[in-house]
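Note sheet for the following structure.
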Amino acid sequence: MQPYPDTCPCQINPTAETADAPLSYQDCCQPYHDAFYNDEVDKADGIKAETAERLMRTRYSAFALVKPDYIVKTTVPAQQALLDVQAIESWAKESDWAGLEIVEHTPKLGKCHAQVEFKAYFKSAEETSGGLEEKTQAHHELSTFIKVKNKANNDARWYFLDPTVAMTVSQKQPCICGSGEKFKRCCGGYI
Ligand SMILES: [Zn+2]
Ligand SMILES: [Zn+2]
C-alpha cells in the first residue's frame with residue numbers, strides 16, 4: 001500500500017493566490033474513501049458526501065490516489081456496470097495530477113441535481129524547440145451530480161452523472177434518481 005500524503009490531493013490548487021492551510025488527507029477525503037471499503041457502510045449510515053462539491057473533491061482525490069472502485073461506486077448506479085474499471089485505473093495511474101480548482105458549485109439545480117465546474121490540473125511533457133518541457137494543463141469541466149434516493153432505507157446520496165456513458169434506462173422509463181419523472185424530462189436532460 002502506498003503511503004498516504006499529508007496534504008489531501010483535492011486541497012492542492014496551483015492557481016490559489018493565498019495559501020490557506022490545506023487539510024490533511026486524514027481530515028479531508030480519507031473518511032469518505034474508507035467508508036466505501038467498509039462492508040458495514042450500507043448498514044450503518046456511513047460517511048457520505050453532503051454536497052456535490054464534496055463528492056467532486058473526493059472523486060478527484062480518488063483519481064490522484066488511484067482508487068478506481070471509489071470512482072465507480074460514486075457514479076450513478078444505473079451507469080456503474082457500464083464503466084471500464086481498468087481504463088479508469090490506468091488513466092488515474094498514468095496522469096500526473098497537479099491539483100484541483102473548484103470554479104463554481106451550483107448546489108441546487110432543480111430538486112435533485114447539482115453542477116460543479118472545476119479544473120483538474122495535471123502535468124504533461126511537451127515537445128518544444130528547447131526540448132521537452134513540463135507543462136501544467138487542466139481538464140476544465142462542468143459536471144452534473146444527481147441525488148439518488150434509495151427507497152429501501154430512505155437514504156439519499158449524491159452521484160456523478162457520467163455524460164460519456166450510455167444509460168441502461170430508456171428515455172421513457174422512470175428516472176434513475178427516484179424523482180418519479182420520466183428519465184428524459186429529468187436527469188436525461190443533462191446527458
Ligand atoms: Zn480532499
Ligand atoms: Zn432524475
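I'm trying to understand the selection: among the residues of region 99-130, which are crowded, with 19+ Cβ neighbours inside 10 Å and among the aliphatic types (A, V, I, L, M)?
100, 114, 116, 120
Report whether or not residue 139 is without any contact (Cβ under 8 Å) to a residue 24 or more places away in the chain and part of a strand (DSSP E or B).
yes
For a quick check of your reading of the model, give me the residue pairs whose first member lies in region 56-71 and is in a helix (DSSP H, G or I), whose second is within 16 Å of ligand 2 (Cβ to nearest atom), with beta-carbon atoms closer than 8 Å and at least 6 apart or on different chains.
Close Cβ pairs (under 8 Å, with a partner that is within 16 Å of ligand 2 (Cβ to nearest atom)) amount to 56/143; 56/145; 56/160; 59/160.
Are there any pairs with C-beta distances below 8 angstrom linking a residue in region 169-191 that is closer than 13 Å to residue 159 by Cβ and aliphatic (A, V, I, L, M) to a residue that is open to solvent by 20 Å² or more (accessible area, probe 1.4 Å) and part of a loop (DSSP other than H, G, I, E, B), with the two at least 6 apart or on different chains, and if so which?
176/167; 176/169
The values are calculated or read from the model by the stated rules, or taken from the named source; none is laboratory data. Just so you know, these numbers come straight off a predicted model, no measurement behind them. Because the Cβ atoms are built from the backbone with ideal geometry, glycine has one as well, and the counts that use them run over all protein chains shown. All accessible areas refer to the heavy atoms of the entire protein, side chains included, with ligands and DNA or RNA removed. Shrake-Rupley method; radii C 1.70, N 1.55, O 1.52, S 1.80 Å.
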